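Accompanying notes for the structure given below.
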Amino acid sequence: MDSFGIEKLNFYTPNQYIDLVDLAHARGVDPNKYLIGIGQEKMAVAPLDQDIVAMGANAAEPLMDEDLRTSLGLLVVGTESGIDQSKAAALFIHQLLGLPESMRVMEIKEACYGGTAGLMVALDFVRSHPESKALVITSDIARYGLQTPGEVTQGAGAVAMIVGNKPGVLAIEPNTVVASRSTYDFWRPNYSNVAFAQGKYSEEVYLSMFTEVWDRAENMSLTQSDNLAALLFHIPFSKMGRKGLRTLESKVDATSYARIVERFENSIIYGQQVGNIYTGSLYLGLLSLLENDTSLVEGDRFGLFSYGSGSEAELFFGTIQPDFRAHLDAKKHSSMLKNRRRLSVAEYEHEFEKELVQDGTEQILKRSDFNAPHRLIGLNKHQRSYC
Ligand code: CAA
């Protein structure tokens with residue numbers, strides 16, 4: 001049987017961050033609350049010229065080559081940090097990447113599930129057009145506001161994935177388990193540039209929907225937990241994934257549980273440095289595991305739990321492929337994280353308060369990252385220009 005899945009993937013995060021120990025001191029909080037209680041260390045801070053379009057294009061650019069450009073039939077961008085109510089962020093990225101006109105280009109939204117929605121649409125597309133490939137980009141800037149409970153769970157970044165019938169990294173199984181339920185656990189009304197969350201309730205819904213899809217998958221004999229090499233979670237902050245994991249302690253045998261816990265630690269390494277990137281968090285976890293775990297071998301089977309507030313959940317499964325490491329770049333990613341500038345709390349707060357003009361007058365932005373191929377140059381007459 002043909003297999004379909006992720007052929008290669010890459011991520012981009014802005015080149016500046018706030019250290020959460022600095023933030024804890026500024027907020028008068030015990031640093032261990034952030035480091036252990038939340039389970040995060042650093043948080044990427046997006047400058048104005050690295051909006052979701054620029055970050056998405058920066059994540060995708062290194063994956064591109066001429067053969068791929070001509071075989072792409074679909075580009076989907078999953079985001080909940082949309083820059084326009086009508087025009088898809090994907091169309092800006094389509095132009096920046098020099099992609100052909102003869103393809104479908106769209107943006108998808110369902111909170112943090114938007115990336116998985118894009119991936120599932122892409123899988124359906126390549127299954128019915130096996131000669132074509134799809135590009136799925138997840139790109140987000142998580143903003144809750146200064147001095148809010150959610151502040152420590154912000155972040156910024158993008159993950160890009162090529163989906164097709166030569167899944168060099170992860171072959172994805174067609175059988176998945178989904179759950180949909182209307183909730184107000186986390187949301188962002190059109191008039192707000194920060195998200196609202198009922199934090200504790202959002203954790204409850206996340207866990208309840210995880211249990212729902214896990215139990216259904218178990219009843220359908222999809223989990224096969226004895227053979228599950230790893231279980232990846234949507235990670236808004238690492239403690240959340242850990243709480244999901246703990247619900248399995250009484251459900252899977254001790255050896256499998258220990259193996260899944262050990263692999264979980266490698267799946268959160270990148271996210272603990274970047275923070276929540278909403279739609280991309282699950283896929284940043286996948287990349288983190290693949291690039292940091294030296295014990296993984298071809299044929300290892302993963303479970304992937306995607307959650308989007310509002311709420312939508314999906315549990316799906318995939319198997320890692322021979323030579324998957326040839327499609328990764330652990331060195332580049334660890335140096336990207338290492339070479340970021342540490343902002344003081346005052347600089348972070350200043351960056352947070354900066355805004356793009358809203359009245360159509362011209363604004364030219366300073367270039368923040370000389371290693372990034374793409375950026376927002378500025379705005380004029382209500383139009384954005386990128387390079
Ligand atoms: N040392 C160690 N741990 C400490 C500590 C210390 N000194 N002080 C506190 N803690 C622990 C607490 O015991 C608590 O642990 P548990 O969660 O295990 O009980 C943890 O630190 C958090 O502390 P609080 O209970 O006081 O919670 P808070 O008011 O700081 O809020 C939060 C935490 C709800 C996660 C908040 O940051 C928030 O609202 N975040 C945004 C919403 C969110 O991410 N929800 C996740 C589910 S929704 C989703 O997944 C979609 C998405 O991406 C948004």
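The values are calculated or read from the model by the stated rules, or taken from the named source; none is laboratory data. Here the structure is a predicted model, which means the values were calculated and not measured. A quick note on method: Cβ atoms are made from the backbone with ideal geometry, for glycine too, and the neighbour counts reach across all protein chains shown. Calculation scope for accessible area: heavy atoms of the full protein, side chains included, ligands and nucleic acids excluded. Shrake-Rupley method; radii C 1.70, N 1.55, O 1.52, S 1.80 Å.
How high is the relative contact order of the chain? Use alpha-carbon pairs under 8 Å, at least six apart in sequence, and give a whole percent. Could the numbers behind the result be given before it?
Numbers: 890 pairs, mean separation 96.7, N = 387.
This gives 25 percent for the chain.
How would you rank 306-317, 85-96, highest first, on the average number of other Cβ atoms within 10 Å across their residues?
Working: 306-317: 24.7, 85-96: 18.4.
Highest to lowest by the protection proxy: 306-317, 85-96.
At 0.36 nm per residue, minus the direct Cα-Cα distance, what do residue 358 and residue 147 gain on full extension? Give it in nm, one decimal, please.
On the way: separation 211, 0.36 × 211 = 75.96 nm, distance 2.49 nm.
Result: 73.5 nm gained on full extension.
Straight-distance candidates among the lysines for linking to residue 366, with alpha-carbon spacing under 16 Å and chain neighbours fewer than 8 residues away dropped: 354. According to the Cα-based calculation, Rg over Rh for the chain is 0.94, with Rh computed by the Kirkwood formula. Within the shell defined by Cβ-Cβ distances under 15 Å, the residues around residue 358 carry a net charge of -3, with Lys and Arg each +1 and Asp and Glu each -1. Here's the list of lysines a cross-link from residue 133 could span, going by alpha-carbon distance under 18 Å and ignoring same-chain residues fewer than 8 apart: 8, 166. Filter the chymotrypsin sites (Phe, Trp or Tyr not before Pro) in the stretch 148-193 down to the DSSP loop ones having no more than 10 other Cβ atoms within 10 Å, then list what survives. For chymotrypsin sites (Phe, Trp or Tyr not before Pro) across the stretch 148-193 that sit outside H, G, I, E and B with at most 10 neighbouring Cβ atoms in 10 Å, the list reads 191. The length gained on full extension between residue 196 and residue 219, counted as 0.36 nm times the residue separation minus their Cα-Cα distance, comes to 4.8 nm.
Excluding same-chain neighbours fewer than eight residues apart, the lysines reachable from residue 338 by a Cα-Cα span under 20 Å are 42.
Nonpolar atom fraction for the stretch 171-325, defined as the carbon and sulfur part of the 1.4 Å probe accessible area, stands at 49 percent. Database remark: amide H of residue 311 closer than 5 angstrom to the amide H of 181, 182, 183 (H placed geometrically; neighbours at sequence offset of 5 or more, or on other chains; Pro and chain starts carry no H).
For the chain, the solvent-accessible area works out to 41 Å² per residue, with a probe of 1.4 Å and every protein chain left in place. Using all pairs of distinct alpha-carbon atoms, the Kirkwood hydrodynamic radius of the stretch 171-325 works out to 15.9 angstrom. Estimated from helices alone, the mean residue ellipticity of the chain at 222 nm is -9500 deg cm²/dmol (sum of -39500 (n - 2.57) over DSSP H runs with n ≥ 4, per residue). Label sites at residue 381 and residue 261, each approximated as a point 7 angstrom past Cα along Cα to Cβ, lie 6.2 nm apart. Taken over the alpha carbons of the stretch 288-352 as equal point scatterers, the Debye sum produces base-10 log I(q)/I(0) values at 0.14, 0.16, 0.23, 0.24 Å⁻¹ of -0.72, -0.82, -0.96, -0.99. The phi torsions of the stretch 64-81, fed into the Karplus equation with coefficients 6.51, -1.76 and 1.60 and a -60° offset, translate into couplings of 7, 8, 4, 4, 5, 3, 6, 9, 6, x, 8, 10, 10, 10, x, 7, 10, 10 Hz, rounded to whole numbers, with Gly and Pro shown as x.
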